[in-house]
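The values are calculated or read from the model by the stated rules, or taken from the named source; none is laboratory data. What you see is a predicted model, and the numbers here were worked out from it, not measured in a lab. FYI the Cβ positions are ideal-geometry reconstructions off the backbone, even for glycines, and counts take in every protein chain you see. Side chains included, ligands, DNA and RNA excluded: accessible areas come from the protein's heavy atoms. Shrake-Rupley method; radii C 1.70, N 1.55, O 1.52, S 1.80 Å.
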Amino acid sequence: MSSASSNWPKWLPLRETLRELTPYGAPQLDVAVKLNTNENPFPPPLPLVAALEARFAEVITGLNRYPDRDAVALRSKLAVFLNGLSATHLTKESIWAANGSNEILQSIFLACKAPALGFLPSYSVHPLIARTAGTKWIAGERNEDFSLNISYAVEKIKEVVPSLVFITTPNNPTGTSLTIAQIEELALAAKGVAALLVVDEAYAEFSQQISAITLLDKYPNIVVSRTMSKAFAFAGVRLGYAVANPAFIAAMMIVRLPYHLSSLTQAAAETALDMSDLLLGNIHEIKTARDQLVQDLLALNLRVVPSDSNFILFSGFTHTAGDLWQLLVDRGVLLRDVALPGFLRVTVGSPAENRRFIAELRGCLAEKGI
Ligand SMILES: *Cc1c(COP(=O)(O)O)cnc(C)c1O
């Protein structure tokens, strides 16, 4: 967290709103156990590796040509995938794909009016992209236990009259999620002020709750943002997608860069979607490991926020979050300091990684004598 506004050279004609900002920077450190960015710990299964090799061998012979600008085949496969998960009847007209859901989020800001309203703590990239896009961001709050008070949120929507309302469920970094009835209340309030409700469902496949994509028929003002980076174990490919009313998808076509999604990205995502059962196969294992990790943290007399996802926010240690984070790095374990005093976030890793984390954490706590 360096580079204060004054550090920018004067000759650089930066927009004033950017001068105060620092780059998004989850540390990428070379340590043994990386539990800081909520990735799936399991590498691509061998049948997928083989299928990707075969598909790439075909695709690379055509790399002199631009990719399909509208990613029609990929969007059709995403529709089939979602319909299988949520019993919806979506077609490609309701789906937009981009380089990670972060690009989806950026495209939403590029297309839509200000201001945007969110409820913190939540995904830090939402306000960050708002600022880079020059969109005014208004921060509402969450309860002390990180749940969202829906009547407060509805009042806030009426008071602020935003164009965009952001909600993340399961929420990052807290792991808490909303019920479909709560999302519906927010969609209704957003509709009342002609706002879009953007539901960031980056962790939907881990959640017990019903996806907001099931509300699209009733609420055309809902935009759901999803990704293949987390449960789908495909973070390196960079594939995110929006599920929304076809009118909104048409607006995405205006703001997208021409040929933004490479032939290789489209081919990789299509191939993986053909094997989605295989890729989503370890979700159950991750949730079991999560529940074990919760037990292990409680056994160390720590407190955990109930998680509906593949990460856990915990507290109850007497170090500062920054100190404990550094002590764990020194022992080869990388967690995330999410700038909530007294809390750290841990991603559920493989069983071996989780055991190592708990052992090193026990060591840190013992040094401090608690
Ligand atoms: C990880 C994450 C994303 C970004 O995912 P990409 O698709 O990899 O860009 C978006 N939203 C939330 C809440 C996340 O945690």
**Request:** Output the Cα-based Rg and Dmax of the stretch 91-193 in Å, rounding Rg to one decimal and Dmax to a whole number.
**Result:** 13.6, 40
**Message:** Going Cα to Cα from residue 191, which lysines come in below 18 Å? Please leave out same-chain ones fewer than 8 positions away.
**Reply:** 113, 156, 158, 218
**Request:** Please list 104-114, 148-158, 11-21 highest first by mean number of surrounding beta-carbon atoms within 10 Å per residue.
**Result:** 104-114, 148-158, 11-21
**Item:** Percent carbon-and-sulfur accessible area, the stretch 206-345, ignoring ligands, DNA and RNA, probe 1.4 Å
**Value:** 55
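Quick one: plug the Kirkwood hydrodynamic radius of the stretch 215-335 (C-alpha pairs) into Stokes-Einstein at 37 °C, 0.692 mPa s, and report D in µm²/s.
Here the translational diffusion coefficient equals 181 µm²/s.
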**Request:** Sum -39500 (n - 2.57) across every DSSP H segment of at least 4 residues in the chain, then divide by the residue count to get the 222 nm mean residue ellipticity, nearest 500.
**Result:** -12500 deg cm²/dmol
**Asked** How do 334-342, 122-130 rank on mean C-beta neighbours within 10 Å, highest first?
**Response** 122-130, 334-342
**Asked** Where the accessible area of the stretch 2-131 is counted over protein heavy atoms with a 1.4 Å probe, how much of it, in %, is carbon and sulfur?
**Response** 58
**Request:** Please work out the average accessible area per residue across the chain, using the 1.4 Å probe convention, and give it in Å².
**Result:** 46
**Fill in**
Highest mean packing first, using Cβ neighbours within 10 angstrom, the peptides 234-244, 357-367 sort as 234-244, 357-367
**Asked** Which of the lysines could a cross-linker bridge to residue 77, judged by Cα under 20 Å and excluding same-chain residues fewer than eight apart?
**Response** 92, 230
**Asked** Of 260, 284, 89, which has the most accessible area and how do the rest follow, probe 1.4 Å?
**Response** 89, 284, 260
**Complete:** Log entry: pair-distance distribution for the stretch 46-132, C-alpha pairs binned every 5 Å from zero, whole % per bin is 3, 10, 13, 15, 17, 18, 13, 7, 4, 1
**Request:** Normalise the Cα radius of gyration of the chain by 2.2 N^0.38 Å (N = residues in it) and let me know the number.
**Result:** 1.01
